[in-house]
1. Does residue 156 qualify as being of a type in the set (Gly, Ala, Ser) and assigned to a helix (DSSP H, G or I)?
2. Suppose the filter is at negative phi, open to solvent by less than 10 Å² (accessible area, probe 1.4 Å) and among the aromatic types (Phe, Trp, Tyr); does residue 211 pass it?
3. Limited to region 20-47, what total is found for residues that are more than 12 Å from the ligand (Cβ to nearest atom) and under 13 Å from the mean Cα position of the chain (by Cα)?
4. Under 7 Å by Cβ, and 6 or more places apart or on different chains, what pairs join a residue from region 10-23 that is of a type in the set (S, T, N, Q) with one that is within 10 Å of the ligand (Cβ to nearest atom)?
5. From 169, 138, 142, 190, which residue is within 16 Å of the ligand (Cβ to nearest atom), over 15 Å from residue 39 (Cα atoms) and surrounded by fewer than 18 Cβ atoms within 10 Å (Cβ to Cβ)?
6. Which ones in region 79-95 are out of contact with any helix residue (DSSP H, G or I) (no Cβ under 7 Å at 6 or more places or on another chain) and crowded, with 23+ Cβ neighbours inside 10 Å?
7. Could you please give the count of residues in region 74-99 that are free of Cβ contacts under 8 Å to residues at least 24 places away in the same chain and more than 20 Å from residue 193 (Cβ to Cβ)?
8. Of all residues in region 203-235, which are among the small types (Gly, Ala, Ser) and within 16 Å of the ligand (Cβ to nearest atom)?
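The values are calculated or read from the model by the stated rules, or taken from the named source; none is laboratory data. Computed from a predicted model, the values in this text were never measured in an experiment. Positions of Cβ are backbone-derived with ideal geometry, glycine not excepted, and every protein chain shown enters the neighbour counts. With ligands, DNA and RNA removed, areas are computed over all heavy atoms of the protein, side chains included. Shrake-Rupley method; radii C 1.70, N 1.55, O 1.52, S 1.80 Å.
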Amino acid sequence: TSAEPLLQLTDITAHYGRIQALKGINLSVAAGEIVSIIGANGAGKSTTLMTICNIVKASGGALTYQGEDIRGVNADKLPMMGLCQVPEGRRIFPRLTVAENLDMGAFFRRDHGGVRKDRNHVYELFPRLKERRSQPGGTLSGGEQQMLAIGRALMARPKLLLLDEPSLGLAPLVVKQIFEIVKTINEEDGVTILLVEQNANIALKMANRGYVLETGSVVLEDKAEALLHNPEIRKAYLGE
Ligand code: ATP
C-alpha cells in the first residue's frame, strides 16, 4: 500500500569487529520525501547508508525496501531495484570519459533508447557534464565529479537515491548548485532522497524530515523545519 514506507530500518545494528557503530537505528523514508541524517564525525551516518546497501552487513534488526527484506541482497543488485547510492568521495572512473561514466550507471539496462534519453536528461540537469562529455572523469573538478556521480546514479532510474556527504570539500556556491539540482530531481523526477550531511544547515533546509545521529543512535527525529529552529540543534550542529 502507499502508506507503507519506501525504506524502513528497525533496530538496525552494525559492528566493525568489536566496535558497535550502529546501536539500533529506527528510520523510515516515505516515497517522495527528502530525508536528511545529520550528526558529528563518527556518529554513524556513513555506516547507516552502507548498511542499507549491504556494503556493511547489519548485525541485527530489520531492513525493508518497498516492503521487501533486503538484508541479504548484494550491493550490486540494488540499483536494479531502484536503490542507488552516491558514495562519499564520489568513486567515479577517472580514466573513462564523462559519457562512459554515465553509461556505467545504466550497465544493466537493455532499453537503449531509454538510456539515451536519460543521458540527455542528465546533460540538461548538469550542462557542465555535457560540455565535458568526452573528457576523462579524473580531470573534472571536485564539484563536477560530484555532479557526475549523481548523474551516474540517475542513469539507473532510481526510486531512492542515497547521497553521502555531497557537499564534502566543495565551495559554497557549488554546494548550492548541487543541492538545487537534488531538489529538482526530487520534485520533477519524483526521486526519493536520503541524504547524509555534516553541513546540517543546507541538509535541513532542503529536507522534509531529519534524523540526528549521535554515537550510533538516533537522538532526535523531526520535521526538518522544526530541527532548524530547535535551539539545541542550532547550538550543536549549526554553529550557534
Ligand atoms: P564521518 O562524517 O566522519 O564519515 P559518520 O557519521 O559517517 O562520520 P561513520 O563513518 O559511519 O560515521 O563511523 C561510525 C563509527 O564507526 C566511528 O566510530 C568510526 O570510527 C567507526 N568505523 C567506521 N568505519 C570503520 C571501519 N572500516 N573499521 C572500523 N571502524 C570503523
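1. On the way: of a type in the set (Gly, Ala, Ser): yes; assigned to a helix (DSSP H, G or I): no.
Criteria not met by residue 156.
2. Working: at negative phi: yes; open to solvent by less than 10 Å² (accessible area, probe 1.4 Å): yes; among the aromatic types (Phe, Trp, Tyr): yes.
Against the criterion (at negative phi, open to solvent by less than 10 Å² (accessible area, probe 1.4 Å) and among the aromatic types (Phe, Trp, Tyr)), residue 211 qualifies.
3. Filtering region 20-47 for residues more than 12 Å from the ligand (Cβ to nearest atom) gives 24, 26-36.
If we keep only those that are under 13 Å from the mean Cα position of the chain (by Cα) as well, we get 29, 33-36.
Residues meeting the conditions: 5.
4. Hits for this filter: 13/20; 13/22; 20/216.
5. None of the other options fit; the residue is 169.
6. Scanning region 79-95 gives a single hit, 83.
7. Matching residues across region 74-99 total 3.
8. Here is the first cut: in region 203-235, the residues among the small types (Gly, Ala, Ser) are 203, 207, 210, 216-217, 224, 226.
Correct list: 203, 210, 216, 217.
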